[in-house]
Amino acid sequence: MRAGGETTFRVAIRDALADEMRDDDRVVLLGEDIAAAGGVFKATEGLFEEFGGQRVRDTPISEQAIIGAALGAALNGLRPVAELMFADFVAVAMDQLANQVAKYRYQTGGQVTVPLVVRAVCGAGFGFGAQHSQNPEAWFMHLPGWRVVAASTPHDAYWLLRAAIRSADPVLFLEHKSLFGKAGTVDDDRRPRLGQAAVRRDGEDVTVVTTMLMVDRALEAAQEMERRGHSVEVIDLRSMAPLDRRLVVRSAVKTGRLVTVEENPRECGWGAEIVSMVAEEMAGELDGVRRVTAPSTPIPFSRPLETDWLPRTENVVAALEAVLRG
């Protein structure tokens, strides 16, 4: 990776994998069609040619086999990066992910670590239907032992993936399919850490907390609110587990109002955790709270219906105006 160069989210992922593999020969890749084919979303293109079949391994179409092999590799000194293609498919291997990978370090009293990364493409917007478009971050936030990363820029995707691979704990690394073509620079400075959120826009009147594709929607909404005379602060969580509680609470204390925006059904979404956390810290001092979510339905296959299902900029604007009205 050339510091300061313009790149895309997809290429930043590939470069992070390549740079970690060059720096550490324990890093190996596992997944369906990730070798000669370069991955379904072309995020591993060229890695098979550089590192060979011992380190970039195609697997059978079996998520249980992929996670089982990755867990075994992690326990025996390697640093596997397993690709599950679509984040929805974590459900196929959930017993291993929830009951083995998440708990192994704890059950050995810290004697054995599990340096395992699961890369998974998530998010709606392409008409892939309900089984290929979900965001499962809330599922894993409920599993102690897992770290969860949800980057929104090429810079963060590059540095957070490198940090995830170096982590001694398992990391679910989510890649929103609508962001693969997003362009940006990757710099040597401002390297994000796991568990460190970012303020994407400073504001005084209301705080918006969000992730991935919804960061762009929130920034668009903040621009619209500025035209209406209001100042909106936008926080990109970047890591869902651990949460940057200090930054979120500090922002909410400053503005006195909070809106969460998530591409998920409302019930038990991560936005509820943010609202609860801030409410506990502020002891009723908030002037207004709103949650923007998707409807509580499966993600539609129809493109027009899917577009309507996704939280839109105008939904965020409506929530911001509601909290500002009190």
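The values are calculated or read from the model by the stated rules, or taken from the named source; none is laboratory data. Nothing here was measured: the structure is a model prediction, and the numbers come from that model. Neighbour counts run over all protein chains shown; Cβ positions are idealised from the backbone, glycine included.
Data table
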| item | result |
| --- | --- |
| Checklist (1) acidic (Asp, Glu); (2) part of a helix (DSSP H, G or I); (3) within 26 Å of residue 102 (Cα to Cα) applied to residue 25, failing item | (2) |
| Residues of the range 26-49 classified as under 24 Å from residue 187 (Cα atoms) and out of contact with any Asp or Glu (no Cβ under 9 Å at 6 or more places or on another chain), total | 4 |
| Number of the exception - residue 155 against (1) surrounded by fewer than 24 Cβ atoms within 10 Å (Cβ to Cβ); (2) part of a loop (DSSP other than H, G, I, E, B) | (2) |
| Matching residues, the range 194-214, being in contact (Cβ under 8 Å) with a residue 60 or more places away in the chain and over 16 Å from residue 291 (Cβ atoms) | 205, 212, 213 |
| Some residue of the range 293-307 being over 30 Å from residue 126 (Cβ atoms) and assigned by TED's automatic domain parsing to the domain that holds residue 230 | no |
| Filter result for residue 95 (among the acidic types (Asp, Glu) and crowded, with 18+ Cβ neighbours inside 10 Å) | no |
| Any hit, the range 95-109, residues being more than 19 Å from residue 148 (Cβ to Cβ), β-branched (Val, Ile, Thr) and modelled with pLDDT of 95 or more | no |
| Scan of the range 164-190 for residues that are farther than 13 Å from residue 118 by Cα, of a type outside the set (A, V, I, L, M, F, W, C) and assigned to a loop (DSSP other than H, G, I, E, B), ordered by number | 181, 182, 187, 188, 189, 190 |
| Check on residue 161, in contact (Cβ under 8 Å) with a residue 60 or more places away in the chain, part of a helix (DSSP H, G or I), within 16 Å of the chain's Cα centre (by Cα) and not assigned by TED's automatic domain parsing to the domain that holds residue 263 | yes |
| Close pairs (8 angstrom Cβ cut-off, 6 or more residues apart or separate chains): in contact (Cβ under 8 Å) with a residue 24 or more places away in the chain in the range 300-319, of a type in the set (Ser, Thr, Tyr) anywhere | 306/133; 309/297; 311/293 |
| Selection status of residue 271, under 24 Å from residue 205 (Cβ atoms) and modelled with pLDDT of 90 or more | yes |
| Residue 44, sole failed condition from (1) hydroxyl-bearing (Ser, Thr, Tyr); (2) without any contact (Cβ under 8 Å) to a residue 12 or more places away in the chain; (3) over 17 Å from residue 145 (Cα atoms) | (2) |
| Conditions (1) touching a Lys or Arg at 6+ places or on another chain (Cβ under 6 Å); (2) assigned to a strand (DSSP E or B): number failed by residue 289 | (1) |
| Among (1) at negative phi; (2) within 22 Å of the chain's Cα centre (by Cα); (3) not in a strand (DSSP E or B) - the single one residue 38 does not satisfy | (1) |
| Identity of the residue in the range 70-86, out of contact with any strand residue (DSSP E or B) (no Cβ under 6 Å at 6 or more places or on another chain) and touching a residue at least 24 places away in the same chain (Cβ under 8 Å), that ends up nearest to residue 146 (Cα to Cα) | 71 |
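Residues checked against (1) crowded, with 24+ Cβ neighbours inside 10 Å; (2) under 18 Å from residue 158 (Cβ atoms):
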| position | (1), (2) |
| --- | --- |
| 177 | no, yes |
| 184 | no, yes |
| 193 | no, yes |
| 211 | yes, yes |
| 220 | no, no |
| 233 | no, no |
| 243 | no, no |
| 246 | no, no |
| 249 | no, no |
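Table: residues versus (1) buried (at least 18 other Cβ atoms within 10 Å of the Cβ); (2) of a type in the set (A, V, I, L, M); (3) closer than 27 Å to residue 19 by Cα.
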residue	(1), (2), (3)
56	yes, yes, yes
65	no, yes, yes
71	yes, yes, yes
74	yes, yes, yes
77	no, no, yes
84	yes, yes, yes
90	yes, yes, yes
117	yes, yes, yes
121	yes, yes, yes
